[in-house]
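Data first, discussion second: the structure below is written as structure tokens.
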Amino acid sequence: MPPFLQTGTFALLLYIYFIVYYEKIENLIKSIVDKNSDSYLIFKKIKYSMHAYFKSYLIITVLLSFISSVAFALLNIEYFLIWGIIIGVTNIIPYVGPYIGGGVVGLFVLTTNPDLLIYVIIIIVCLQVIESNFLTPKIQGEALEINPILVVFSVTFFGKILGIIGMIIAVPIIRIMQIIINVKFFNKKR
């Protein structure tokens, strides 16, 4: 299996385990930590931030799926809805995800109507530029109370260090670090 599929599978499994075992993990932490402590406040803020993070990713996935489906429908590409969903779902891998989905669409178009391939490439590149530089930083930045520039920087930084997995976990890590620093060092309770 290619490395990008293994990473995507790993991230998907991690999300599924997080969702399935979330209540057990939450109850364990609540039983260990005093409700009046900074640690409990940090845990509570991280919980709300992660909900916001997953919600923002869902919004981005739906928007990207919708926009790409409409663009493919305008080109009269068969199965445009399926291709749009693939573009949205592969977006879980920042920066390169839509290109992976776009490659699948491109192969289909190449075999069915090669004249449209250049248009598909233009759509994928435009979608990727808009999503990675404007849409994701804006939506995730607002949802997680992080500056959009910090979102772009963190994804780039963690991507250099940890590769695709680093890109996927960059924004939650930055938000968790921000919460801990605010609570522990600046006594910010909000």
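By the Stokes-Einstein formula, at 1.567 mPa s and 4 °C, the range 108-166 with its Kirkwood radius over alpha-carbon pairs has D equal to 97 µm²/s. For the chain, a crude dipole built from +1 on the beta carbon of Lys and Arg and -1 on the beta carbon of Asp and Glu, taken about the Cα centre, is about 960 debye to the nearest 20. Specify the angular offset, from 0 to 90 degrees and rounded to the nearest 10, of the alpha carbon long axis of helix 148-162 from the longest principal axis of the alpha carbons in the chain. Rounded to the nearest ten degrees, it is 90.
Beyond 20 Å in Cα-Cα separation lie the following of the pairs Lys160/Lys184; Lys30/Lys55; Lys44/Lys160; Lys24/Lys184; Lys24/Lys44; Lys45/Lys184: Lys160/Lys184; Lys30/Lys55; Lys44/Lys160; Lys24/Lys184.
A full extension of the chain between Phe66 and Leu28 corresponds to an added length of 9.7 nm, given 0.36 nm per residue minus the alpha carbon distance. Rounded to the nearest whole Hz, the Karplus-based 3J(HN,Hα) values (6.51 cos²θ - 1.76 cosθ + 1.60, θ = phi - 60°) of the range 58-70 follow the sequence 5, 4, 5, 4, 5, 4, 5, 4, 5, 4, 5, 4, 5, with x at glycine and proline. Let a ≥ b ≥ c be the square roots of the eigenvalues of the Cα gyration tensor of the range 87-136; is it rounded (a/c under 1.5), or, if not, prolate (a/b larger than b/c) or oblate? Oblate, because a/c is 1.5 or more while a/b does not exceed b/c. In the chain, the DSSP-assigned H stretches of four residues or longer account for a calculated mean residue ellipticity at 222 nm of -28000 deg cm²/dmol, using -39500 (n - 2.57) per stretch and the full residue count as denominator. Listed values for the range 128-141 are Karplus-derived 3J(HN,Hα) couplings in whole Hz (6.51 cos²θ - 1.76 cosθ + 1.60, θ = phi - 60°), namely 5, 5, 5, 5, 6, 9, 10, 5, 5, x, 5, 5, 5, x, and x replaces Gly and Pro. Please state the shape class of the chain: rounded when a/c is under 1.5, otherwise prolate if a/b exceeds b/c and oblate if not, all from the C-alpha gyration tensor. It comes out prolate by the Cα gyration axes.
Since every read-out is calculated from the coordinates, none of them should be taken as a lab result. Because the structure is predicted, anything quoted here is derived from the model rather than measured. Please note: Cβ atoms are built from the backbone with ideal geometry, for glycine as well, and neighbour counts cover all protein chains shown.
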